[in-house]
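Trainee: Dropping a structure here in structure tokens format, bear with me for questions.
The values are calculated or read from the model by the stated rules, or taken from the named source; none is laboratory data. Keep in mind that this is a model prediction, so the values were computed, not measured. Positions of Cβ are generated from backbone atoms using ideal geometry, with glycine treated the same way; all protein chains shown enter the neighbour counts. Note: accessible area is taken over every heavy atom of the protein model, side chains too, but ligands, DNA and RNA are not part of it. Shrake-Rupley method; radii C 1.70, N 1.55, O 1.52, S 1.80 Å.
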Amino acid sequence: MVLLILNIYSSRSSQELIYKSKEAAMLERCLNTAADISEIEILNQSTVSQIAAEMESLSVQRLIVTDNQGTVIFDSESSNSIQGHYALFPEIVQALHGNDTFSWTTHNGQMYSKAATPIITYGMITGCVYMLEQDEAQGQLILSLQTNILSVTLALEILLIIFSLIFANAFSGRIRKFQNSMRIIKGGDYTHKVEMGGSDELALLGNEF
């Protein structure tokens, strides 16, 4: 149990380091994008598209910009665009309440990171920036960590069980030997000696007997 808990803790600690690193990077990109968009006088598809076109280095899977009601002004995903519709994702809702937010999940060796920050113009929330990033390298790293830690844990658990069985069998064998000697002496053979071998407590008990 201790071994299992320690390995789970190691896995979680490694994932937490990756999480913190990804969170800092994603929120920084969101904040920089929100700062650029906040300088736009009129927030609409055309003006946001111009800003987005200048940010090709963002390297995110999806970029969504909403107004202060959660209506999508810009959506970088053309195949499944939700432009003109409400995008009440949990991250967007949090951002529209003035909070910087980040979440992540892993699925099939892929890490999906989601971040959102409010767009603040003249001290007022005028919208939010939402980013989705798909990171295969980090996802594979987390999957590899989980697999390796699980494999090591199982191997150590099997070795521990084998060792325990060998030790238990050896110990019970010595107990049976001691019991047999007691029966021989009980039968009247007082010249019989208990030969336990070793120098542990059981051997001392046999010698005393």
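Trainee: What is the list of residues in the stretch 3-39 whose amide nitrogen lies under 17 Å from a point 7 angstrom out from the Cα of I158, following Cα to Cβ?
Mentor: Counting only backbone N, you get 4.
Trainee: Related question: Cut-off 10 angstrom, C-alpha nodes, Gaussian network model of the chain. Which of N108, N68, N180 fluctuates the most?
Mentor: The residue with the greatest mean-square fluctuation here is N180.
Trainee: Can you give the three extents of the C-alpha atoms in the stretch 70-145 along their principal axes, from longest to shortest, in whole Å?
Mentor: 46, 28, 16
Trainee: Per residue, how big is the convex hull around the C-alpha atoms of the stretch 1-78? Give it to me in cubic angstrom, could you? Write out the running numbers ahead of the final one.
Mentor: On the way: hull volume 10.3 nm³, N = 78.
Here the figure is 132 Å³ per residue.
Trainee: Right, next: When the C-alpha atoms of the stretch 81-198 are aligned to their principal axes, what extent does each axis show, in angstrom, from largest down?
Mentor: Largest first, the stretch 81-198 extends 103, 27, 23 Å along its Cα principal axes.
Trainee: I would also like to ask the following. Ignoring everything except DSSP H segments at least 4 long, calculate the 222 nm mean residue ellipticity for the chain; use -39,500 (n - 2.57) per segment, divide by total residues, nearest 500. Each step should come with its number before you reach the end.
Mentor: On the way: 5 runs with 112 residues, N = 209.
Computed mean residue ellipticity for the chain: -18500 deg cm²/dmol.
Trainee: Per the 1.4 Å probe, what fraction of the accessible area of the stretch 65-209, in percent, lies on carbon and sulfur atoms?
Mentor: Roughly 60 percent of what the probe reaches on the stretch 65-209 is carbon or sulfur.
Trainee: Net charge within 15 Å of N180 by Cβ-Cβ distance, Lys/Arg positive one each and Asp/Glu negative one each, not counting N180 itself? Present the calculation step by step, with values, prior to reporting the outcome.
Mentor: Numbers: positive: R174, R176, K177, R183, K186, K193; negative: D189, E195.
Net charge in that neighbourhood comes out at +4.
Trainee: With just the Cα atoms defining each centre, how far is the stretch 17-41 from the stretch 92-126? Give it in Å.
Mentor: So the separation of the two Cα centres works out to 9 Å.
Trainee: Let me check I've understood the local charge: for A170, count other residues with C-beta under 13 angstrom from its C-beta, Lys and Arg +1, Asp and Glu -1. What total comes out? Show your work: numbers first, answer last.
Mentor: Details: positive: R174, R176, K177; negative: D200.
Here the charged neighbours net out to +2.
Trainee: Follow-up. Applying the Karplus parametrisation 6.51 cos²θ - 1.76 cosθ + 1.60 with θ = phi - 60° to the phi angles of the stretch 148-157, what ³J(HN,Hα) value in whole Hz is obtained for each residue in order, glycine and proline being reported as x?
Mentor: Karplus values, whole Hz, x for Gly and Pro: 5, 5, 5, 5, 5, 4, 4, 4, 5, 5.
Trainee: So how many Lys-Lys pairs in the chain land under 15 Å Cα to Cα, not counting same-chain pairs under 8 apart? Could the numbers behind the result be given before it?
Mentor: Values: K20/K114; K22/K114; K177/K186; K177/K193.
Summing the qualifying lysine pairs gives 4.
Trainee: Using R₀ = 30 Å, calculate the FRET efficiency as 1/(1 + (r/R₀)^6) where r is the Cβ-Cβ separation of V2 and Q134; round to 0.05.
Mentor: Values: r = 37 Å, r/R0 = 1.23.
Rounded to the nearest 0.05, the efficiency is 0.20.
Trainee: Two decimals is fine: what's Rg over Rh for the stretch 131-173, C-alpha atoms, Kirkwood radius as Rh? Before the final figure, lay out the partial values.
Mentor: Values: Rg = 19.0 Å, Rh = 13.1 Å.
Here the Rg-to-Rh quotient is 1.45.
Trainee: Report the equivalent ellipsoid semi-axes for the stretch 149-209 in whole Å, largest first, defined as the square roots of five times the eigenvalues of the gyration tensor built from alpha carbon atoms.
Mentor: Details: eigenvalues 270, 24, 6 Å².
Here the semi-axes work out to 37, 11, 6 Å.
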